[in-house]
1. Report every pair of residues separated by at least 6 positions or lying on different chains whose Cβ atoms are under 6 Å apart, first residue within the stretch A:323-344 and in contact (Cβ under 8 Å) with a residue 40 or more places away in the chain, second in a loop (DSSP other than H, G, I, E, B) and small (Gly, Ala, Ser).
2. Counting just the residues of the stretch B:208-229 that are in a loop (DSSP other than H, G, I, E, B) and among the hydrophobic types (A, V, I, L, M, F, W, C), which one comes out surrounded by the most Cβ atoms within 10 Å (Cβ to Cβ)?
3. Looking only at strands (runs of 3 or more DSSP E) that fall completely inside the stretch A:95-187, which ones have 2 or more residues that are touching a Cys at 6+ places or on another chain (Cβ under 6 Å) and more than 20 Å from A:Thr69 (Cα to Cα)?
4. Please determine whether any residue of the stretch B:17-40 is assigned to a loop (DSSP other than H, G, I, E, B), within 14 Å of another protein chain (Cβ to nearest Cβ) and in contact (Cβ under 8 Å) with a residue 60 or more places away in the chain.
5. Could we say that A:Val347 is in contact with a helix residue (DSSP H, G or I) (Cβ under 7 Å, 6 or more places away or on another chain), under 23 Å from B:Pro17 (Cα atoms) and among the aliphatic types (A, V, I, L, M) here?
6. For the stretch B:265-283, does any single residue satisfy the condition of being more than 14 Å from chain A (Cβ to nearest Cβ), more than 28 Å from B:His342 (Cβ to Cβ) and not basic (Lys, Arg)?
Protein chains: 2
Amino acid sequence: MQPPTSPPLRIDGLETPVPLVDLDIVRRNIRRLQDYCDAHHIDLRPHIKTHKLPLLAHEQLRAGAIGITVQKLGEAEVMAQTGISDILLTYNVLGKEKAERLAKLTNFARITVAVDNDKSLDSVAWGAKFAQGPIGVLVEFESGANRQGVQNPEQALQLARLAIKQPNLEFKGLMTFPTTPHTARFLDEALPLFRNAGISVSVISGGGTQSAYVTHQLAPVTEMRAGTYIYNDRTMIAANAAAEEDCALVILATVVSRPSTNRAVIDSGSKTLSSDRLPSGQADGYGLLPDYPEATIALLSEEHGILDISRSVRKPEIGERLRIIPNHVCVVTNLHDHVYLHRSGEVIARLPVYLRGKTV
Amino acid sequence: MQPPTSPPLRIDGLETPVPLVDLDIVRRNIRRLQDYCDAHHIDLRPHIKTHKLPLLAHEQLRAGAIGITVQKLGEAEVMAQTGISDILLTYNVLGKEKAERLAKLTNFARITVAVDNDKSLDSVAWGAKFAQGPIGVLVEFESGANRQGVQNPEQALQLARLAIKQPNLEFKGLMTFPTTPHTARFLDEALPLFRNAGISVSVISGGGTQSAYVTHQLAPVTEMRAGTYIYNDRTMIAANAAAEEDCALVILATVVSRPSTNRAVIDSGSKTLSSDRLPSGQADGYGLLPDYPEATIALLSEEHGILDISRSVRKPEIGERLRIIPNHVCVVTNLHDHVYLHRSGEVIARLPVYLRGKTV
């Protein structure tokens, strides 16, 4: 006799709002970018800011990734403690406390850190005295994102020279975000400069999902850091970097009010979807509604999403459930304590988002 | 002999980015609105979405509040479990699972719920059968926010009649957000309608910090639900509802890069500050910098804040710390696992944000 069993939990049985992750799409997305990187002899070092899950980082490594990318020490700590042994921190470390935390990570993993200024390099060098072996260093340069990074090859060379002087640091190469035509122009100038100085640049690390599949045409990077490709989102659809069926994470929401003919209210506001918009000139609203493609999520307050359903012939009813593809999936996973992993609608795990909120 | 002691921890000793809450400002803000409400015989029922902390909810109650307001069952559960005994849930409850959770709360607290449609009322009525005494019901009406609520007094009366028919529900009155001149116009029509129907409206619940101190001039509400007033933020400053010195929560950030003369990068991006903007036409950027009033937080990525410091004569250096008054403080507290409570810079508690992420 079989023991009595409950039927498997389906995603329809979950309370909303809830983030659902389709494992089959995840695996397909992992496989596709890894195959591209393999074909072009580019090392893949996924950025885990998108999923924030040790489980999926290990899936990426098993598929062929050489290590992972993180931006915060708190993220590196959780990943090291869950068995990840090669971590790149693409963030300026400053101060003794953070430098000590960086050094402690070397007990568990090979650690590389990116810097764009000498104060950060000083902190890293100070911490490296307490490390189990040398800490790798990449110099970050700017490639047109107007964010950070040294502004010209001479500054990169100067920082590299400072790194090389430190006994506990190992200068490894250059890093930028994202990979653009500007990246190639910078490298065209920088690489001869380093060659003439007798400094080996063994790693050139570029990044970004939007240009991931044309990386080989853009710049001679040896390593790619991409994050969003594992889930994809509305921003990637708008950039032609993904299709709707490549979006692995959706928010399942419920219609809680229908105040008027052309307005529906869902239980997903900015605390569920974030307030991130698409770049101006691209699609409006706070997410894509695959079940109601004519509708827009016109307004958000913290717990309410206001749908403009004026162009929808079939209009959603109170109690009905809708799927939402978020505008920017990385900030969405930062809002939720758990995601539900499913295959074809059957829930297979409730995963704590262990790296959520690791801002320090 | 005195036992050896460490010096008290100061906020300057905390790693960044970190949210700091000034308890003296909090208490002053609590006192001021309570005094206003007392003077105008309005019951104050603070919305806890701003602080998300049982400790501060109890401070609000001790100052004279009659109970609290929440939007999600998960928030109500934590508050009930930490000793709060009068809770208003201003959100449509739908489905058996949520209705059961609502009913269970009546073991610990007096519960009132707002509804704007009959399906939600059906759910609440079903759950109320399992409750320890009647569940209070308010009918939500719309006051010009284009969010939700019934659209006219006739609909409100109809829902009230349905509520009255249910043996385990107690119809208490009307609720809206925010309190506006439209609120008064709605009530001018609705109250005679209810009076003629012989239905007592004992509660008229309005809300919102922006108009809090002119509530008595706007509409005859008996109860005020305000949340942001306890911390205030840049939105409230822009609306002339608060001054800089009334802002109790600031993010302490560190400058991590100075790529060029007019650009500084801080370690606080959208994962720390959120992407919430001020309404268009008001101030630009992602937060106020009291230490650099000429600078703007021009761009955010998840972990980087890009400062335009072109108009600043004194320019921040790498490693320097800055304070930021967030655009919208309620979503900021949702991003952080802890806030640090201090008095005059001395840290007195690291408070877990127990209600963070309670979206269900």
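The values are calculated or read from the model by the stated rules, or taken from the named source; none is laboratory data. As the structure is a computational prediction, the values presented were derived from the model and not from experiment. Don't worry about glycine lacking a Cβ; one is built from the backbone with ideal geometry, like all the others, and counts go over all protein chains shown.
1. Short answer, once both residue conditions are applied: A:Val331/A:Ser274; A:Val332/A:Ser274.
2. Filtering the stretch B:208-229 for residues in a loop (DSSP other than H, G, I, E, B) gives B:208-211, B:219-222, B:226-227.
Okay, now just the ones that are also among the hydrophobic types (A, V, I, L, M, F, W, C), so B:219, B:221, B:226.
Values: B:Ala219: 21, B:Val221: 25, B:Ala226: 27.
So the residue we want is B:Ala226.
3. Working: elements: A:110-115, A:135-140, A:169-175.
Those strands (runs of 3 or more DSSP E) do not exist here; none qualify.
4. Taking the stretch B:17-40 as the starting set, the residues that turn out to be assigned to a loop (DSSP other than H, G, I, E, B) are B:17, B:40.
From what is left, the residues that are within 14 Å of another protein chain (Cβ to nearest Cβ) are B:17.
Filter once more, so that each one left must be in contact (Cβ under 8 Å) with a residue 60 or more places away in the chain: B:17.
Looking through the stretch B:17-40, at least one residue is assigned to a loop (DSSP other than H, G, I, E, B), within 14 Å of another protein chain (Cβ to nearest Cβ) and in contact (Cβ under 8 Å) with a residue 60 or more places away in the chain.
5. Working: in contact with a helix residue (DSSP H, G or I) (Cβ under 7 Å, 6 or more places away or on another chain): yes; under 23 Å from B:Pro17 (Cα atoms): no; among the aliphatic types (A, V, I, L, M): yes.
The answer is no for A:Val347.
6. Let us first name the residues in the stretch B:265-283 that are more than 14 Å from chain A (Cβ to nearest Cβ), namely B:281-283.
Still in the list and also more than 28 Å from B:His342 (Cβ to Cβ): B:281-282.
Still in the list and also not basic (Lys, Arg): B:281-282.
So far as the stretch B:265-283 goes, yes, one or more of its residues are more than 14 Å from chain A (Cβ to nearest Cβ), more than 28 Å from B:His342 (Cβ to Cβ) and not basic (Lys, Arg).
For (1) among the acidic types (Asp, Glu); (2) within 12 Å of the chain's Cα centre (by Cα); (3) surrounded by fewer than 21 Cβ atoms within 10 Å (Cβ to Cβ); (4) away from chain B (no Cβ under 14 Å), each residue gets a yes or a no:
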site	(1), (2), (3), (4)
A:Pro46	no, yes, no, yes
A:Lys49	no, yes, no, no
A:Leu53	no, yes, no, yes
A:Ile68	no, yes, no, yes
A:Leu73	no, no, no, no
A:Ala76	no, no, no, no
A:Ile84	no, no, no, yes
A:Ile87	no, no, no, yes
A:Lys96	no, no, yes, no
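The rows are residues; the columns are (1) under 24 Å from B:Gly207 (Cα atoms); (2) crowded, with 18+ Cβ neighbours inside 10 Å; (3) assigned by TED's automatic domain parsing to the domain that holds B:Arg195; (4) of a type in the set (Val, Ile, Thr).
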residue: B:Ala99; (1), (2), (3), (4): no, yes, yes, no
residue: B:Ala103; (1), (2), (3), (4): no, yes, yes, no
residue: B:Ala128; (1), (2), (3), (4): no, yes, yes, no
residue: B:Ser143; (1), (2), (3), (4): yes, yes, yes, no
residue: B:Pro153; (1), (2), (3), (4): yes, yes, yes, no
residue: B:Ala156; (1), (2), (3), (4): yes, yes, yes, no
residue: B:Ala160; (1), (2), (3), (4): yes, yes, yes, no
residue: B:Ile164; (1), (2), (3), (4): no, no, yes, yes
residue: B:Phe171; (1), (2), (3), (4): yes, yes, yes, no
